[in-house]
Amino acid sequence: MRRPPWVPAGMDLDRPAAARVYDYYLGGSHNFAADREMARQAMKLWPDLPLIMRANRAFLRRSVQFLAERGITRFLDIGSGIPTFGPVHEVAREIHPEARVVYVDNDPVAVAHSRLLLQDDPLSQVVRADLTDPVDLLDRPEVAELLAPGEPVALLLVAVLHFVGDEQDPEGIVRTLRDALPPGSAMALSHASLEGRPDQADSHQDLYARTPNPLTMRGIERITGLFEGFEPVEPGVVFLPQWRPEDPTSVGPHPERMTGVAGVGLRT
C-alpha cells in the first residue's frame with residue numbers, strides 16, 4: 001500500500017495498534033487494513049464496541065470541561081492516540097483559550113500524525129513515551145515544563161490503563177504520576193471493566209492478546225483503588241454514560257452495556 005506522509009519510515013502497517021483501532025471505532029481515517037480487520041473481528045464478538053468507544057470519548061470531553069471550569073489550564077493526556085474528534089486542547093480552550101496540553105503516546109504513527117496536526121500550535125506538545133516507565137515519561141522536557149510552574153495539572157488516563165498488565169504494576173504507575181502532580185491537580189480515568197458484560201470479557205481479552213496491545217479488563221473495585229490519594233468527584237467511579245451526563249435522560253436503562261467505567265478525582 002502507498003505509505004501516507006505521516007507514517008514513519010519502517011513502520012509495520014500489517015500489525016494493528018490500539019490507537020489506530022480506536023480511531024476506526026470513532027469513524028476516523030487514520031488507520032490501516034490490519035487495524036480495520038482487528039476492529040471487525042472484535043465487533044463480531046461485541047457489536048457495541050463502537051458505541052462504547054464513543055461513550056468513552058464523550059466522557060473525555062465532559063471531564064475536560066469539568067476540570068477546565070474548575071480553573072485548570074494544563075492537561076497531561078497519556079495514551080492520547082490521535083487527537084481528532086474533539087481533542088483535549090479544543091475542548092479546554094473553549095473555556096481557557098490559553099490552555100496548554102501535552103499529548104503522550106507510545107504508538108509511532110499516532111505520535112507522528114499528532115505532531116503533523118499540531119505543528120502550528122505552540123500550546124500543544126506531543127511526546128512519544130511509554131506509560132509503563134513513568135519516571136522516564138515525567139523526565140521528558142515537555143512534561144517537566146508542564147509541571148514545573150507548580151500550577152494544577154489535569155492528568156488524563158482515559159482508556160489506557162487496561163493496556164497495562166498486572167505485572168507492570170498499574171497502581172504503582174498511577175502513584176508515581178500522582179506524586180509528581182502539583183497541589184490542586186486532578187485525574188480523569190476510564191478503564192475497561194469486567195462488570196456489565198462478563199460473558200464477553202474472555203473472548204475480547206483473547207483477541208487483544210494476539211496483538212502488540214494486550215488488554216486487561218479489571219473489576220470496578222480495583223479500578224476505584226487507582227484513585228488512592230485523590231478525592232473522588234460525585235458520582236464516583238461509574239459506567240461511562242453515568243458520569244455527569246449533559247442530559248440525564250440520555251443514559252438509558254442499561255448503562256452497563258457501555259462496560260467501561262470512569263471517574264474524576266481531585267489531588268488530596
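The values are calculated or read from the model by the stated rules, or taken from the named source; none is laboratory data. All of these numbers come straight from a predicted model, not from anything done at the bench. Cβ placement follows ideal geometry from the backbone for every residue including glycine, while neighbour counts extend to all protein chains displayed.
Which ones in the range 81-103 are modelled with pLDDT under 95 and crowded, with 19+ Cβ neighbours inside 10 Å? Outline the logic, then answer.
Within the range 81-103, the first condition is being modelled with pLDDT under 95, and the residues that meet it are 81-87.
Within the range 81-103, G81, I82, P83, P87 meet the criteria.
Here is a check on your reading of the model: is A209 modelled with pLDDT under 95 and within 16 Å of M53 (Cα to Cα)?
Numbers: modelled with pLDDT under 95: yes; within 16 Å of M53 (Cα to Cα): no.
No; evaluated as a whole, the condition is false for this residue.
Starting from residues that are modelled with pLDDT under 90 and touching a Phe, Trp or Tyr at 6+ places or on another chain (Cβ under 6 Å), keep the ones in the range 238-268 and report whichever is surrounded by the fewest Cβ atoms within 10 Å (Cβ to Cβ).
Here the answer is E256.
Just the residues that are closer than 20 Å to E142 by Cβ and modelled with pLDDT under 95, please, taken from the range 47-78.
None; the set is empty.
In the range 86-144, which residues are touching a Gly at 6+ places or on another chain (Cβ under 9 Å) and aliphatic (A, V, I, L, M)?
Of everything in the range 86-144, those that are touching a Gly at 6+ places or on another chain (Cβ under 9 Å) and aliphatic (A, V, I, L, M) turn out to be V104, A110, L131.
Report, by residue number, each residue of the range 13-34 that is in contact with a Pro (Cβ under 9 Å, 6 or more places away or on another chain), part of a loop (DSSP other than H, G, I, E, B) and surrounded by fewer than 24 Cβ atoms within 10 Å (Cβ to Cβ).
Answer for the range 13-34, where residues must be in contact with a Pro (Cβ under 9 Å, 6 or more places away or on another chain), part of a loop (DSSP other than H, G, I, E, B) and surrounded by fewer than 24 Cβ atoms within 10 Å (Cβ to Cβ): R15, L26, G27, H30, N31, F32.
Looking only at residues that are surrounded by 22 or more Cβ atoms within 10 Å (Cβ to Cβ) and of a type in the set (F, W, Y) in the range 35-76, which one is nearest to the chain's Cα centre (by Cα)?
If we take residues in the range 35-76 being surrounded by 22 or more Cβ atoms within 10 Å (Cβ to Cβ) and of a type in the set (F, W, Y), then F59 is nearest to the chain's Cα centre (by Cα).
Of all residues in the range 1-46, how many are at pLDDT 75 or above and on the phi > 0 side of the Ramachandran plot?
1
Out of the residues in the range 143-166 that are surrounded by 16 or more Cβ atoms within 10 Å (Cβ to Cβ) and more than 15 Å from the chain's Cα centre (by Cα), state the one that is nearest to V64 (Cα to Cα). Steps first, please.
Initially, the range 143-166 is screened for residues surrounded by 16 or more Cβ atoms within 10 Å (Cβ to Cβ), giving 143, 146-147, 151-164.
Now drop any that are not more than 15 Å from the chain's Cα centre (by Cα), which leaves 143, 146-147, 151-153.
Working: V143: 18, L146: 17, L147: 18, E151: 16, P152: 13, V153: 11 Å.
Across the range 143-166, the extreme among qualifying residues is V153.
Give the range 38-52 a look and list any residue that's closer than 17 Å to Q242 by Cβ and of a type in the set (A, V, I, L, M), or say none.
Going residue by residue through the range 38-52, those that are closer than 17 Å to Q242 by Cβ are 48, 51-52.
Within the range 38-52, L51, I52 meet the criteria.
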